[in-house]
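A short worksheet on the structure shown next.
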Amino acid sequence: MKRFITNNISIIGPFIGLILFSIILGVLSDSFFTVDNILNLLRQISINALIAFGMTFVILTAGIDLSVGSILALGSALTAGLLTSGMDPLLAVFIGLIIGLVLGAVNGLVITKGKVAPFIATLATMTIYRGATLVFTDGRPITGLSDSFTFEMIGKGYVFGIPFPVLLMLVIFGILFFVLRKTVFGRQVYAIGGNEEAAILSGIKADRVKIWVYSLTGMLSVLAGIILTSRLNSAQPTAGTSFELDAIAAVVIGGTSLAGGKGRIVGTLIGALIIGVIDNGLNLLNVSSFYQQIVKGGIILLAVLLDRRQSK
Amino acid sequence: MSETPLVEMTGIDKAFSGNQVLTKVAFNVKKGEVHALMGENGAGKSTLVKILTGIHPRDKGQIKINGEEVSFTNPKQAEAKGIVVIHQELNIIPHLTVTQNMFLGKEITYGKTGILNHKKMKAETVKNLHALGVSNIDPDDLAGDLSVGKQQMIEIARALATNAELIIMDEPTAALTDREIESLFKVVNALRTEGVSFVYISHRMEEIFELCDRITVLRDGQFIGTEKIVETSLEEIVKMMVGRELGERFPSRDHNIGETIFEVTNLSSKEGLFRNISFGVRKGEVLGVAGLMGAGRTEVMETIFGYRKKESGTVTLNGKLLNTKQPSNLIKAGIGFITEDRKTKGLVLGSTIRENIALTNLSTVSTNGVISKSKEKSLVNELIKQLKVRTTGSEQEVKSLSGGNQQKVVIAKWLGIEPKVLILDEPTRGVDIGAKKEIYSIINELTKNGVAVIMISSELPEVLGVSDRIMVLHEGKITAFLDRDEANQENIMMAATGGSKA
């Protein structure tokens, strides 16, 4: 038991927080603990969670990716464009994901080969990708996508009564959990964030690992975008605006250190759940969305302050 | 001595957490003299300076300035008494102008308004620089655009502007060109005749003989002696610096040295840090690498290892050319590199012993990119046992280990790759005597198994006690190769300071 606590100290705090918030909201609102509401909540968080999973990798390498929202928009718009041209939905989705991978790889290349600080590099590409989206869509939503069952399934479908995006989120969580925990790649991600020089001198190709990490994040952002597009049945040129903030918030609330090298993807899932529970609960309680922002910001602050006390 | 010395330090003792670094050190500087302070790395020179300027408190002893006893608690107080230190790393802010640097923290303002009087500061800057005979520095230039020599002049001018009576210079010529050194010496000589005193810390013998009046030598924190330069010789000073007996500190070795397996040919640095380095290492041999700080020893090894870029040259193992583009290539070929600074380059401090040792061995403990927990555990535990790392277990964070045990973890991670060539850069720095001896035994064990070892060390006794052959570097060039039986501290030091004909 003691060992379990020391091994999981970084996520115990967020987990207790999640339980507390849920209980409070459950008491305040009758409709919180209903199956429908929980499934709805999970579906709502799936988009942020997918992006935040990628962001976890990036932050573990001591980086940051501000361009996720723009990649989401550009990837979605291009995928929607392919769909309206009559392409097979699965193929269009596949190409969309590859586009996300490439856009992320560009971030990685600028950061590693161009030696630009991740914050600056992705601030620039955030603007560029958003601009490209506006150019491509001419500033208008792309609608009339496809009445294909397959594409509608991605955002709106259910499997065994569970929303498809939730299943997707859980499967990808499982894969990435395994990657961080059990694979050489995961170990390299932690080592680079912990001490990049020592990692390089130990034979780790830090540049290559980082490019993959940003590529992964780009791909997950487009996946999130495709879910959003499917749900709305349209691709919005302004989709994903400020999504990077929610993703970073989920990672930080989940106990991952912005300095890199320390953190768990389970924490990020919990962080995304906390944000989702607060949004959902405050909605149920009819709290104005203006106040929701204040509460959310306060919780991020609280999480970081608690984390600092813990690591002292 | 009839006149009162400017500075007189007597019976200075200092220990850091039980580690005695200075014992009964005496040091005095007369008015208008240039006094050299010499000793090997770690002899206690910088600690002595820090005690004089109030950065460290002394445990025992007395400091008098102009005959008056003082006890500084911070460098500002020392500055008020006219003592200024110019560090090797210059205290210049590159994106500020010469004038702004000159008046940093003591800006001239219009009365108490807080509004800067640029005109007056600029005029003062020009005046101060002219007083040094420097006329080729524009006060409006950004300091960062100037050469190191000119930046140094700004620091000297700044010191004089505060009426400095004693300027302590730590390795002032390390980054200067010959011409800059010449003008520095001119300025120092001129100021000396005006009664300004200097403490001159340098490893360069020829400079000390050219410039200084007296020399004080420290060794292992002990005061060895103060001599007049005209009454001493290079040989005598070298002897004072290194003359210590080799005890039973080094375990005896028996091994067979085989043929040359590792060869470096005409290696030159892209950054210009060293040139035309060629050497070979034989199977089972320990090649010691000696030289002073800044001689380029670490940089040579980092370049061989693919961490720095080379300009030209080749590295071969068993006659096969190695690709030195990145460290992973060399590791794959069987070359290990135990870095000098284990905290910044050797370890991921926040990670566990297991994760650190596994880092160089990820391919051994994994299949298709998936790590096998059992393989990892058995490799790590075996290495912990082999190296006798004192720990509560493989899950302990390395930052909570002692220096010696941290170093063993670094060695462990490299023994895991079963290296054919192992480079050790200052393997015993910051390590206690017991662990040192264990590290020497590990080196012996490796050579017995036919590993070629390259060991950089600044500790001459260690170089002499462990190496079969010694390569000496001076300012990026090889100045000597010495065999074990012909090498002694004197001829190594001679080659390391560039005073050798070897």
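Points worth noting:
- Using 0.36 nm per residue and subtracting the Cα-Cα separation, the extra length available between B:VAL70 and B:MET293 on full extension is 77.0 nm.
- Modelled spin-label separation between A:LYS113 and A:ASP36, with each label point placed 7 Å from Cα along the Cα-to-Cβ direction: 5.3 nm.
- Sorted by Cβ density within 10 Å, fewest first, the residues B:GLU69, A:GLU244, B:GLU227: B:GLU69, B:GLU227, A:GLU244
- Shielding score for B:367-376, defined as the mean number of other chain Cβ atoms within 10 Å: 3
- Test item: Cα-centred dipole of region B:5-242, Lys/Arg +1 and Asp/Glu -1 on Cβ, debye: 840 debye
- Distance between modelled label sites at A:LEU232 and A:LEU258, nm, 7 Å Cα→Cβ extension: 2.8 nm
- Convex hull volume per residue, computed on the Cα atoms of region B:5-242, equals 133 Å³.
- Across region B:6-60, the mean sequence separation of Cα contacts (distance under 8 Å, 6 or more residues apart), normalised by length, yields a relative contact order of 36 percent.
- Region B:349-418: relative contact order in percent, alpha carbon pairs under 8 Å with at least 6 residues between: 49 percent
- Convex hull of Cα atoms in region B:362-502, direction-averaged projection (nm²): 10.4 nm²
- All distinct Cα pairs of region B:162-306 go into the 1/r average, and the inverse of that average, the Kirkwood radius, is 19.1 Å.
- Convex hull (Cα only) mean projected area of the protein assembly as shown, reported in nm² to one decimal: 43.0 nm²
- Helical segments meeting 20 Å axial Cα length and Kyte-Doolittle 0.0 threshold in chain A (DSSP H): A:9-28, A:35-60, A:68-84, A:89-112, A:118-137, A:164-182, A:206-232, A:265-284, A:289-311
- Taking all pairs of distinct alpha-carbon atoms in chain A, Kirkwood radius in angstrom: 19.9 Å
- Between B:LYS24 and B:VAL148, the FRET efficiency estimated from the beta carbon spacing at R0 = 41 angstrom works out to 0.65.
- Other protein chain Cβ atoms within 10 Å, averaged over every residue that makes up A:204-215: 1
- Pairs exceeding a 28 Å alpha-carbon distance, out of A:LYS113/B:LYS408; B:LYS150/B:LYS325; B:LYS283/B:LYS375; A:LYS262/B:LYS408; A:LYS205/B:LYS270: A:LYS113/B:LYS408; B:LYS150/B:LYS325; B:LYS283/B:LYS375.
- Over the residues of chain A, the helix contribution to mean residue ellipticity at 222 nm works out to -25500 deg cm²/dmol, using -39500 (n - 2.57) for each DSSP H run of at least 4.
- When only Cα pairs below 8 angstrom with a gap of at least 6 residues are kept, region B:34-153 shows a relative contact order of 21 percent.
- 5 angstrom amide H check on A:THR183, placed H, neighbours 5+ away: B:ILE371
- Net length gained if the chain between B:ALA123 and B:GLU89 were fully extended (0.36 nm per residue, minus Cα distance): 9.5 nm
- Here r is the Cβ-Cβ distance between B:GLN77 and B:LYS373 and R0 is 41 Å; the resulting FRET efficiency, rounded to 0.05, is 0.10.
- Taking a ≥ b ≥ c as the square roots of the Cα gyration tensor eigenvalues, region B:349-418 comes out prolate, since a/c reaches at least 1.5 and a/b is larger than b/c.
- Applying 1/(1 + (r/R0)^6) with R0 = 41 Å to the Cβ-Cβ distance of B:LYS186 and B:ASP254 gives a FRET efficiency near 0.10.
- Projected label points at B:ASN488 and A:LEU301, each 7 Å from Cα along the beta carbon direction, are separated by 7.3 nanometres.
- Extension gain from B:ASN449 to B:LYS385, taking 0.36 nm per residue of separation minus the Cα-Cα distance: 21.2 nm
- Isotropic mean projected area of the C-alpha convex hull, chain B (nm²): 27.3 nm²
- For chain B, the longest principal axis of the Cα atoms and the long axis of helix B:178-193 meet at an angle of about 40 degrees.
Read-outs throughout are calculated quantities, based only on the coordinates presented, and are distinct from any laboratory measurement. Owing to the predicted nature of the structure, the values given are computational and were not obtained by experimental measurement. Cβ atoms come from the backbone with ideal geometry, glycine included; neighbour counts cover every protein chain shown.
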